[in-house]
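What follows draws every value from the coordinates through simple rules; no lab data is involved. Since we're looking at a predicted model, the values are computed, not measured. Backbone-built Cβ (ideal geometry, glycine too); neighbour counts: all protein chains shown.
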Amino acid sequence: MKSIIYVGMDVHKASFTLSCFSVTTQETFATVKISPDAKAIKKYLDGVSLSRSEECEFVCGYEAGCLGYTLYHQLTAMNIRCVIMAPTTMLHTLASSLVSIAVLKTRFV
């Protein structure tokens with residue numbers, strides 16, 4: 001049975017920040033900041049896949065923002081499952097934003 005791993009992507013023109021979430025283990029892992037390129041995402045997913053003990057399926061998601069659907073089309077062309085999320089559909093509170101920012105900053109220090 002394949003393990004589903006969700007990949008949250010914070011995408012900007014200058015860089016992408018990616019983080020994985022395993023449904024099976026309920027853990028967040030492999031948070032990285034990479035160059036803003038679909039091929040870099042593919043390389044990241046390949047690396048995560050090699051590091052896992054079980055076969056996994058990735059589902060990537062991002063808020064379109066400045067990149068619109070371009071990244072979506074690039075990823076799906078590489079057979080990477082991707083969804084675009086509207087900001088209004090995401091649970092978003094000031095407290096959770098501050099915690100998320102703090103967690104991301106600690107991982108890069």
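Counting Lys and Arg as +1 and Asp and Glu as -1 over every other residue whose Cβ lies under 14 Å from the Cβ of MET1, the net charge comes to -1.
Compute the length gained on full extension between SER53 and VAL23: take 0.36 nm times their separation in residues and subtract their Cα-Cα distance, giving the result in nm to one decimal. Present the calculation step by step, with values, prior to reporting the outcome.
Values: separation 30, 0.36 × 30 = 10.80 nm, distance 1.45 nm.
Roughly 9.3 nm would be gained on extension.
A simple rule links phi to the HN-Hα coupling: the Karplus curve 6.51 cos²θ - 1.76 cosθ + 1.60 with θ = phi - 60°, which for the range 29-44 gives 7, 6, 7, 9, 10, 10, 5, x, 8, 4, 5, 5, 5, 4, 5, 4 Hz, with x for Gly and Pro. Expressed as a fraction of 2.2 N^0.38 Å, the C-alpha radius of gyration for the range 1-79 is 1.06.
Around CYS56, under 15 Å between beta carbons, what's the net of Lys plus Arg minus Asp minus Glu among the other residues? All intermediate terms of the calculation are to be shown ahead of the outcome.
Working: positive: LYS2, LYS42, ARG52, ARG81; negative: GLU27, ASP46, GLU54, GLU55, GLU57.
Around CYS56, the charge tally is -1.
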